[in-house]
Amino acid sequence: MSDLKRSPRRISKPKASPAAPAKGAAKTPRARAPKPVDRTTMIEIFRRFHEAMPEPKGELEHTNPYTLLVAVALSAQATDVGVNKATRELFRIADTPQKMLALGEDGLKAHIKSLNFFNTKAKHVIAFSRRLVEEFGGEVPNSVEILESFPGVGRKTASVVVNIAFGDPRVAVDTHIFRVTNRIPLAVTRTPLDTQVALEALIRDEYRLHAHHWLILHGRYVCKARKPECWRCPISDLCRYPDKTLG
């Protein structure tokens, strides 16, 4: 039996692994949010807002605290212009919770069918109108906590109502106010509720009543989401937003 020669074993070359980053190579740094403005700067910001618009008004049309509550509840996921168009005729025939209940859910739907989620909104309006009649004599209570317990009424809606209807200096926070607060920044926050708590603690008493309107109008018409109009902003020199637009 002849000896068999052993075939030489092939040694495969290891596959090249991705090149590791050079030692000490820095990763692209993520831009840090600027620190909130100091108290003196914040006072000057609101002084300028006041100077430009001493008595700001909300853009939702209403005739009394109840129609305000309905309008704000309907404004979720809708524009103020769209809500006003839907409620002008509605409020002529149903400007109290009693009249709204008489109109009924189907009658209400006929007036607000142009709005997003009108079926759910109609159900909520009828439900809280019934509570107002049964528990509060048809009157809107001046209480954020009570209003928050109503169907379809959250912290923002409740805060808007007590601010406008009763002069309670609450700062209701929507997407505009959340954006503006964190852009300037007046405060660096993660949620609308955090923003409301921060602003109500930071803004001086003399400016707090109208702060909601100043900030929402500023966010809606000047400090816009996609392209803020910094070239015509009255507080551009005080704002620390790093990506200002020049026109």
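Of note:
- Any hit, the stretch 215-228, residues being open to solvent by less than 30 Å² (accessible area, probe 1.4 Å), free of Cβ contacts under 8 Å to residues at least 40 places away in the same chain and touching a helix residue (DSSP H, G or I) at 6+ places or on another chain (Cβ under 8 Å): yes
- Test: residue in the stretch 122-133 that is farther than 21 Å from GLU105 by Cα and in contact with a helix residue (DSSP H, G or I) (Cβ under 8 Å, 6 or more places away or on another chain): no
- Candidates are the residues of the stretch 134-166 that are over 12 Å from VAL72 (Cα atoms), assigned to a helix (DSSP H, G or I) and charged (D, E, K, R); the one that is most open to solvent (accessible area, probe 1.4 Å) is GLU134.
- Scanning the stretch 177-188 for residues that are open to solvent by less than 10 Å² (accessible area, probe 1.4 Å), among the β-branched types (Val, Ile, Thr) and farther than 18 Å from LYS57 by Cα yields a total of 3.
- Long-range neighbours under 7 Å by Cβ, at least six apart or interchain, first residue closer than 16 Å to GLU89 by Cα within the stretch 109-122, second open to solvent by 60 Å² or more (accessible area, probe 1.4 Å) and of a type in the set (Asp, Glu): HIS111/GLU89; ALA122/GLU105
- Count - residues of the stretch 183-235 that are part of a helix (DSSP H, G or I) and over 19 Å from VAL161 (Cβ atoms): 15
- When we screen ARG208, ARG232 for residues that are closer than 17 Å to VAL144 by Cα and free of Cβ contacts under 8 Å to residues at least 40 places away in the same chain, the only hit is ARG208.
- Each residue in the stretch 123-144 was checked for being of a type in the set (A, V, I, L, M) and over 11 Å from PRO97 (Cα atoms), and 1 pass.
- Restricting the search to helices (runs of 4 or more DSSP H) fully inside the stretch 45-132 and requiring at least 3 residues that are open to solvent by 50 Å² or more (accessible area, probe 1.4 Å) gives 80-93, 97-112.
- Considering only residues in the stretch 16-44 that are at pLDDT 70 or above and β-branched (Val, Ile, Thr), the one that is surrounded by the fewest Cβ atoms within 10 Å (Cβ to Cβ) turns out to be THR40.
- Residue match in the stretch 78-96 (condition: of a type outside the set (D, E, K, R) and modelled with pLDDT under 90): no
- Given (1) part of a helix (DSSP H, G or I); (2) open to solvent by 30 Å² or more (accessible area, probe 1.4 Å); (3) within 19 Å of MET42 (Cα to Cα), number of the condition LEU238 does not satisfy: (1)
- Contacts under 6 angstrom Cβ, first residue in the stretch 133-153 being closer than 12 Å to ALA165 by Cβ, partner open to solvent by 40 Å² or more (accessible area, probe 1.4 Å) and part of a helix (DSSP H, G or I), 6 or more apart: VAL140/PRO65; ASN142/PHE166
- Test: residue in the stretch 189-212 that is among the small types (Gly, Ala, Ser), out of contact with any strand residue (DSSP E or B) (no Cβ under 8 Å at 6 or more places or on another chain), buried (at least 21 other Cβ atoms within 10 Å of the Cβ) and at pLDDT 95 or above: yes
The values are calculated or read from the model by the stated rules, or taken from the named source; none is laboratory data. Note that the coordinates shown come from a computational prediction; the quantities given were computed from them, not determined experimentally. Cβ: placed from backbone, ideal geometry, glycine included. Neighbour counts: every protein chain shown. We work out accessible area using only protein heavy atoms, side chains counted, and drop any ligands, DNA or RNA first. Shrake-Rupley method; radii C 1.70, N 1.55, O 1.52, S 1.80 Å.
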